[in-house]
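Q: Before I ask anything, here is the structure I am working with.
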Amino acid sequence: MATVIFYQKPGCGTNARQKRALEMAGHTVIAKDLLAERWTAESLLGFFRSTPVSSWFNAAAPRVKSGEVDPINIDAATALALMVDDPLLIRRPLVEMDAQRCAGFDREPVTSLLSERNDITDMQGCTRQNLSTSRPDPDQSPNVSCP
């Protein structure tokens, strides 16, 4: 079993479910606060590898939802500068295992850590966006926002 560094937003129900899934699969999860970390452009870039810049962003971030930040029309250097300044823009979780890193729960190394692909795709979206059509996460307080 692996030891996984898991950068999350405290209070995020989706991150809580993702972390539990890794633990239930037998992995040791070391949770860290994504918002308290002192990010640099260089330290973030390792999580994004060769993925498109637009996929680096948290689509639920207030600045993305309002249109202030348009991930489609931003170059890598600008995206990294924005994320260093405002970590809510970073797609989460950021996951690190051994020398592998990723942003999001649907990429390597996460896909190798969980036994079924369904475990991953069902846990990528924000639980707060679908409260009217699904049951809320029991670890998620109804008064906590998750952008």
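All of the numbers you see were taken from the coordinates with simple rules; none came from a lab. Computed from a prediction, not measured in an experiment: that's the story for all the values here. As a convention, Cβ positions derive from the backbone with ideal geometry for all residues, glycine included, and neighbour counts pool all protein chains shown.
Q: Among what's in the stretch 59-78 and is outside any helix (DSSP H, G or I) and charged (D, E, K, R), pick the residue that is nearest to Ser43 (Cα to Cα).
A: Checking each candidate, the answer is Asp75.
Q: Kindly indicate whether Ala81 is in contact (Cβ under 8 Å) with a residue 40 or more places away in the chain, assigned to a loop (DSSP other than H, G, I, E, B) and more than 24 Å from Thr3 (Cβ to Cβ).
A: Answer is no for this residue.
Q: Here's another thing I want to ask about it. Quick one: is Gly11 in contact with a Cys (Cβ under 8 Å, 6 or more places away or on another chain) and either surrounded by 14 or more Cβ atoms within 10 Å (Cβ to Cβ) or outside any helix (DSSP H, G or I) (or both)?
A: yes
Q: List the number of the failed condition for Gly46; all other conditions in (1) in contact with a helix residue (DSSP H, G or I) (Cβ under 9 Å, 6 or more places away or on another chain); (2) part of a helix (DSSP H, G or I); (3) in contact (Cβ under 8 Å) with a residue 12 or more places away in the chain hold.
A: Every condition holds for Gly46 apart from (1).
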